[in-house]
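Only one structure is covered here, and it is reproduced in the block below.
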Amino acid sequence: MSWIDIGAIDEVPLRGARVLKTNVGCVAVFRTGPDEVFAVSDTCPHKGGPLSDGIVHGQSVTCPLHNWVFDLNTGQAQGADAGHIATYPVRVDAGRIQIDGSVLRQRSVA
């Protein structure tokens, strides 16, 4: 893996998100209550809602447009909804968020 520093964990609000523009499209970087960090596609597969504007609860995010819930670990839609969002390897090292740059360079935005 090729880790890229994308900012301090304190720059992402608790139970909130920031958006990272990449070659694979916009990536939402979430910070949960216990300071876990997740990176997923910012676009809901249902109607294209911005997941970074969604509600973070536990290790899930709810789309702000139609309440679809996605697991931040797997990207799978929860409950009766069917769909999947891309997830990206991310870690925190000495208070800095790092994302796997090799995954972000794999393809270009369509």
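The values are calculated or read from the model by the stated rules, or taken from the named source; none is laboratory data. Only a predicted model underlies this, so the values are computations on that prediction, with no experimental measurement involved. Quick reminder, even Gly has a Cβ in these numbers, built from the backbone with ideal geometry, and neighbours come from all protein chains shown. For the accessible areas, the whole protein counts, side chains as well, though only heavy atoms, and no ligand, DNA or RNA atoms are used. Shrake-Rupley method; radii C 1.70, N 1.55, O 1.52, S 1.80 Å.
Counted by Cβ distance under 14 Å from Phe70, the other residues give a net charge of -3, where Lys and Arg count +1 and Asp and Glu count -1. For segment 19-61, the set of trypsin sites (Lys or Arg not before Pro) satisfying both a DSSP loop assignment and a count of at most 13 other C-beta atoms within 10 Å is given as Lys47.
Could you work out the relative contact order of the chain? I mean the mean sequence separation of Cα pairs under 8 Å and 6+ apart, divided by the number of residues, in percent.
For the chain, the relative contact order is 30 percent.
Per residue, the accessible area of segment 1-56 comes to 49 Å², computed with a 1.4 Å probe over protein heavy atoms only. For segment 3-109, taking Cα atoms only, Rg and Dmax work out to 12.8, 39 Å respectively. No disulfide-compatible partner, judged by a Cβ distance under 4.7 Å, exists for the following cysteines of the chain: Cys26. From most to least packed by mean Cβ count within 10 Å, the peptides 60-71, 86-97 give 60-71, 86-97. A 1.4 Å probe over all protein chains sorts Glu36, Glu11 by accessible area into Glu11, Glu36, starting with the largest. For the chain, the fraction of 1.4 Å probe accessible surface lying on carbon and sulfur atoms is 48 percent. The simple Förster model, with R0 at 25 Å and r as the Cβ-Cβ distance, assigns Ala80 and Glu36 a FRET efficiency of 0.45.
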